[in-house]
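This report concerns only the one structure given below.
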Amino acid sequence: MVMHTKSGGDLEVMGMMQGKVKGDTFYVLDAIPLPVEGTETRVNAKADSDEYMINHLECCEKVNRPENVVGWYHSHPGYGCWLSGIDVNSEILYQKVQDPCMAIVIDPHRTMSAGKVEIGCFRTYSETHIKKIEEQQKDSKQTSDVAVPMEKFEELGLHYHKYYKLETSFYKTALDNQLLD
């Protein structure tokens, strides 16, 4: 994933992840870069990427590779690991269609400058839970001047109340280490 996100330069790139889920843990075993249109601030998966993914999964089935799609990833080149409003809506849709599912965001620029992978793994709350939180926020604004906690806003952005961050651990191959050097 890091190599793919780095290859996008200043443009966002996207891919899918195959793996399995056991209990509360996602095991990502493979990352599949998708042919998508990227801009500096957005990546658009179109019919080509859907067809590519379907063909990939059919090939996996033919060789008895049982892993499922467990999520999607994309890059935020230079602006951190969080979910935008579009990302939140995409993850909500993915979780409706194929749950369990997670979203990963990698910042390749910060990864290269820091020498460590800048990554965030996320899931969205249910739409019912999001509506409940938004109602509480609306009610609290009517009765007092309660502000969004700045550290929450700085870490997760404007849509912080619609998703949560997952604990993350990963390993790097020797090739990954060479790319970061």
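Numerical summary
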| quantity | calculated |
| --- | --- |
| Entries of Lys6/Lys96; Lys96/Lys132; Lys96/Lys116; Lys20/Lys62 with Cα pairs more than 26 Å apart | Lys6/Lys96; Lys96/Lys116 |
| Cα-centre dipole for segment 57-122 with unit charges at Cβ (Lys and Arg positive, Asp and Glu negative), debye to 20 | 140 |
| Gly71 long-range amide H proximity, modeled H, under 5 Å | Met17, Met102 |
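We did not get these values from a lab; they are worked out from the coordinates using the rules stated. On a predicted model such as this, the values are computed, not experimentally measured, just so you know. Glycine also receives a Cβ, built like all others from the backbone with ideal geometry; neighbour counts cover every protein chain displayed.
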